[in-house]
Each structure stands twice: as structure tokens, then as C-alpha cells.
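**Q** Got a structure for you, questions after.
The values are calculated or read from the model by the stated rules, or taken from the named source; none is laboratory data. Since we're looking at a predicted model, the values are computed, not measured. Here the Cβ is made from the backbone with ideal geometry for all residues, glycine too, and neighbour counts use every protein chain on show. These accessible areas exclude ligands, DNA and RNA; they are computed on the full protein's heavy atoms, side chains included. Shrake-Rupley method; radii C 1.70, N 1.55, O 1.52, S 1.80 Å.
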Amino acid sequence: MAIARWLNQTVGLFVFFLLDILDFLLCFTYKTLDFFFESEWKPCYCSSPLEAQAKTRKIIVSERGEYSKVVSMTRTKIHFDEISDTLYSRGPSLLMRLSKLVSSVKCFNYKGVIMRGSVVESCDHNYESKKKISSGNKKRLMTLNSTVVEKSPTTPRWSDCDCSFCTSWLSPSNKDSLFVKVQQPKDNKKARDNVLFIHGFLSSSSFWTETLFPNFSDSAKSNYRLIAVDLLGYGRSPKPNDSLYTLREHLEMIEKSVIAQYKLKKFHIVAHSLGCVLALALTVKHPGAIKSLTLLAPPFYKVPKGVNPAQYVMRKVAPKNIWPPMQFGASLISWYEHLGRTVCLVLCKSHRLVDSLTRLFTLNRMRTYLIEGFLCHIHNGSWHTLHNIIFGSGGKLESYLDHVRDHVDCDVTIFHGGKDEVIPVECSYSVKTKVPRATVHVIPDKDHITIVVGRQKDFARELELIWQRSTTTHK
């Protein structure tokens, strides 16, 4: 075991050094291609503050000792969106340090005035502009940085898929709301309860609709309105290129497209992986509306005191190992912005070909609904969701769970695959330490996907029992 660990680390050091070089080269490659196809240099998170010029009414505000936020201004509102610092600070990279030395870019802070996308700057070398933000009686010292995130049109970029499926959200009727799949009794008035299903990372509503929905009993189908949603950036939901896919954006779209649209007063939640973060945030925001909370493989890592939560969670999820393959894949898309974009260019842009080849080689014996979720997204959406939701929520989940324990009166049930290599089983047990009333079910020989896929009939029965018990308990 010790030898295998040593080999994993030693070979991994060499492999990831090569990937550092490749990502460094891809950075310049994509800048050139973006300029060729879109007539504009696109800044990335490798960019220095000077290179990332203001292309939107969004600016980065860093709060010393805590986290970063994005100021997003519209005609009527000013939003403060929390963003993960793992986006622009993903640990030491030899290539990044060398590139900074070669380019001799001087990073500095400035005071900015935003006027319809333009920035009026007043800056001096090593000058820090400080801004006091008052919230009630509490004042915080904040620093305004010059790193500004780019704005792109809603039309697909050259490296994104532009097929009718991936761009269906561009129609006027779909542009401002998520894609929602609803299965309900013919007489909707007979629906006793509502159930909201939230999928995980690189997935879609089909993860539920193709597995669980057909396998619920006739009794469940006649008593429950089942609602599965494609999250922002996935499936047939909007994939805006100017979005940072923050927690606020995800929650507001769910509230607008599901809770408000279907007038949900009380509902159950079933969530998988990434969806667990959103489910907990919704539960905290709507504590009186949740009848039961079912979490599958929740990504909750206990963060030691004094450690940056986002960086800690990132290193847990993507520890830069070449084995097992799932950890290598997670590391690849987490640490390397441009390699991740290349994966999307090669696979996501050609997802129809991948689907056809899969059907051909399996003689149509394999259903390909998982491909829809895994490949029907854009890099901008998956990259920002990964960092801003999964990593960026590292410092929030503990307080969410404390709130669920103390202020939310609902049953909490957790399922986890015993062989899950993406999110370890310990995460579910950690949730139980925070919410003692939670029930944890570890399913032997099942992983991150087969916790549902392959055992959908059993899981459908388990969910029905949870809903029935919750309804009886909270009458």
C-alpha cells in the first residue's frame, strides 16, 4: 500500500507537471483562436489584472481574510455574489510563476467607476483602494481589485455546441427559466405533495426522469407531483456565457422556474452530489416549506480551523492523483481551466457523435441518457459551478447543517455508495454528526452513479417510504 501510494504521488508529480505545461500553452492557443473566431481577446483566470479589462458591469471585490465577491450591477439592483478564490488561486504552479516573470506584469489595485461597461481608473503602483462597506452597524474593510470577468453574448461561443438541443433555451419562451420536467396525476388537484429532484455535477434532469420516474408505484404517481429540473448551464436550461454560475444565480433560477412557477408551498427534496449543496441552501432559505430532505452523496467536508475552506475542499475532491481514474478526471477539470475547455471542445461539442457511436457499438442495448447530462453543457458553466458551488460552499455547508438541525423540522435521509470514489462515505457520516436525527444508508458495492442507476426500482420504493413517513409524522 505504501509503495502504491508512493508511485501514485511520484508519477503524479511528473504527469501534472506536464499538464501544467500543456495548460500554459493552451492558454495562448485559446487566446489566439478566440481572437480569430470572435475578434476579441478573452481573459481567463491565468490573466493578470491588467489583461482582464472591464468587459461587463461586474468587478471583483475581495474581503480581507474571508472570501471574494462579484459586484453585479443592473438598472435596478446591485448584487454581491460570492465567488470562490479557487478560480484565480489554485495553488502553486511553476509555469504560472515563470510566465509572470517573463511577462513582467505588475499587479495592482485600483479605484474603479463603472459606467455602462467602461471603467474610469485612478491608480498608483502598490496602491490599495479601500472601501468601507456598512451593513447595519458593522463595517468591513474591502479591497477593490482590477480583475474583471469577461462578458460574452448569449449565443454559443465557437468552442461550444450549437446543436438544437443545446441551444433550445435561446427561444424567447425558454430564455429566462430553467427546463423543468414534470410528472403529475392527470387531475393535478389530486396531487397530495410535490417532490423536487436536483441533479448533480455534469448531469441533468434525465438522471431522475429516465430512472426513477418510470419506477414509482401507481399510488405514488397518483399522489405526488414529481418535478425534475435541469440546473443553470446543464441540459436544456439556459447556458449564458456572461454568468458566473454563483450560488445566488442557481437558487434564484430554481425559485423562479420551480417554486414560484408551480406555486410550491410545501415540498420534498431529493438531491444528488452538487445538488445537495443547493438543496441545503434552499432548505435554509425556505425552512417552513421542506417536508423531507433526501441527500445522495453530499459533498460535506469538515474544514479544520484556520484553513481556507474552498482550497481545502478542492484538494479533497481533486487531490492531483492519477489513480483512481475518477480522481484523475476530477483533478484535470478542477485545476486546469484550458484543459477542461479542451475536453468540452472535443466531447461536448460532438456529443451527438458520441451518442451515435455508443448506440452503434452497443447495438442500441445501452440507453444513452447519461451522455446528455455528462456532455450537454458549456465549459463556462461547468467550470464556474464546480468552483463557486462545490468548492466555494466549503465554508457554508457547516452553518447550513446547523440551521437544518436547529430550525428546520423535516426528516433528513442520506444515501451513499460504499464504493464511491468521487465523494467519500465519510462525508455522509460527517453530515450525521452535524444533524444527529439524519439517517445514513450506505449501499454496498455501489458508486457515485450506481447509487441510483441500476437500483432505481429499490430506490423508488425507499423514497416512497420516506415521503409517507414524513407525511404521517408532520400531519
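**Q** For the stretch 210-226, which residues satisfy the criterion of being closer than 19 Å to residue 291 by Cβ and among the polar types (S, T, N, Q)?
**A** 217, 219, 222, 223
**Q** I'd like the full set of residues that are of a type in the set (Ser, Thr, Tyr) and either buried (at least 20 other Cβ atoms within 10 Å of the Cβ) or within 23 Å of residue 287 (Cα to Cα) (or both), limited to the stretch 202-247.
**A** From the stretch 202-247, those of a type in the set (Ser, Thr, Tyr) are 203-206, 209, 211, 217, 219, 222, 224, 234, 237, 243, 245-246; that's our starting set.
Across the stretch 202-247, the qualifying residues are 203, 204, 205, 206, 211, 224, 234, 237, 243, 245, 246.
Each row is one residue, and each column tells you yes or no for (1) assigned to a loop (DSSP other than H, G, I, E, B); (2) crowded, with 18+ Cβ neighbours inside 10 Å; (3) at positive phi.
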position: 288; (1), (2), (3): yes, no, no
position: 292; (1), (2), (3): no, yes, no
position: 298; (1), (2), (3): yes, yes, no
position: 302; (1), (2), (3): yes, no, no
position: 329; (1), (2), (3): no, no, no
position: 341; (1), (2), (3): no, yes, no
position: 346; (1), (2), (3): no, no, no
position: 374; (1), (2), (3): no, yes, no
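**Q** Being at pLDDT below 95, surrounded by 17 or more Cβ atoms within 10 Å (Cβ to Cβ) and within 22 Å of residue 287 (Cβ to Cβ) is the filter here, so list the residues in the stretch 412-470 that pass it.
**A** Result: 470, single match.
**Q** Please determine, by comparing only the residues of the stretch 17-49 that are in a helix (DSSP H, G or I) and under 24 Å from the mean Cα position of the chain (by Cα), which one is surrounded by the most Cβ atoms within 10 Å (Cβ to Cβ). Steps first, please.
**A** First, pick out the residues of the stretch 17-49 that are in a helix (DSSP H, G or I): 17-38.
After this cut, where a residue has to be under 24 Å from the mean Cα position of the chain (by Cα) as well, the list is 19-20, 23, 26-27, 30.
Details: 19: 19, 20: 18, 23: 23, 26: 21, 27: 21, 30: 19.
If we take residues in the stretch 17-49 being in a helix (DSSP H, G or I) and under 24 Å from the mean Cα position of the chain (by Cα), then 23 is surrounded by the most Cβ atoms within 10 Å (Cβ to Cβ).
**Q** Under 6 Å between Cβ atoms, which residue pairs at least 6 apart in sequence (or on different chains) link something in the stretch 207-225 that is under 26 Å from residue 372 (Cα atoms) with a partner that is open to solvent by 40 Å² or more (accessible area, probe 1.4 Å)?
**A** Filtered contacts from the stretch 207-225: 209/181; 211/456; 212/456; 213/183; 215/456; 215/457; 225/184.
**Q** Sticking with this structure for a sec: Among the residues of the stretch 168-207, write down those that are in contact with a His (Cβ under 7 Å, 6 or more places away or on another chain) and of a type in the set (Phe, Trp, Tyr).
**A** The one that is in contact with a His (Cβ under 7 Å, 6 or more places away or on another chain) and of a type in the set (Phe, Trp, Tyr): 207.
**Q** Can you tell me which residues in the stretch 390-399 are out of contact with any Pro (no Cβ under 7 Å at 6 or more places or on another chain) and surrounded by fewer than 23 Cβ atoms within 10 Å (Cβ to Cβ)? Outline the logic, then answer.
**A** Taking the stretch 390-399 first, the residues out of contact with any Pro (no Cβ under 7 Å at 6 or more places or on another chain) are 391-393, 396-399.
Of everything in the stretch 390-399, those that are out of contact with any Pro (no Cβ under 7 Å at 6 or more places or on another chain) and surrounded by fewer than 23 Cβ atoms within 10 Å (Cβ to Cβ) turn out to be 396, 398, 399.
**Q** Still on this structure: Given (1) touching a Cys at 6+ places or on another chain (Cβ under 8 Å); (2) in a loop (DSSP other than H, G, I, E, B); (3) not hydroxyl-bearing (Ser, Thr, Tyr), where does residue 322 come up short, assuming only one miss?
**A** Checking residue 322 against (1) touching a Cys at 6+ places or on another chain (Cβ under 8 Å); (2) in a loop (DSSP other than H, G, I, E, B); (3) not hydroxyl-bearing (Ser, Thr, Tyr), the one that fails is (1).
**Q** Step by step: first the residues of the stretch 400-411, then only those that are in a helix (DSSP H, G or I) and in contact (Cβ under 8 Å) with a residue 12 or more places away in the chain, then the one that is surrounded by the fewest Cβ atoms within 10 Å (Cβ to Cβ). Which residue is that?
**A** 407
**Q** Something else: Filter the stretch 348-372 for residues that are modelled with pLDDT under 85, of a type in the set (D, E, K, R) and surrounded by 15 or more Cβ atoms within 10 Å (Cβ to Cβ); which is nearest to residue 13 (Cα to Cα)?
**A** Selected residue: 372.
**Q** Restricting attention to the stretch 171-181, does a residue exist that is modelled with pLDDT of 85 or more, touching a strand residue (DSSP E or B) at 6+ places or on another chain (Cβ under 7 Å) and either of a type in the set (Lys, Arg) or open to solvent by 60 Å² or more (accessible area, probe 1.4 Å) (or both)?
**A** yes
**Q** Quick one: is residue 353 assigned to a helix (DSSP H, G or I) and either closer than 30 Å to residue 4 by Cβ or not β-branched (Val, Ile, Thr) (or both)? Break it down stepwise before answering.
**A** Values: assigned to a helix (DSSP H, G or I): yes; either closer than 30 Å to residue 4 by Cβ or not β-branched (Val, Ile, Thr) (or both): yes.
Yes; evaluated as a whole, the condition is true for this residue.
**Q** OK, next. Counting only residues that are open to solvent by 50 Å² or more (accessible area, probe 1.4 Å) and not aliphatic (A, V, I, L, M), how many does the stretch 248-285 have? Break it down stepwise before answering.
**A** As a first pass, look at the stretch 248-285 and keep what is open to solvent by 50 Å² or more (accessible area, probe 1.4 Å): 248, 252, 256, 260-263, 265-266, 285.
From the residues that got through so far, the ones that are not aliphatic (A, V, I, L, M) too are 248, 252, 256, 261-263, 265-266, 285.
Counting residues in the stretch 248-285 that are open to solvent by 50 Å² or more (accessible area, probe 1.4 Å) and not aliphatic (A, V, I, L, M) gives 9.
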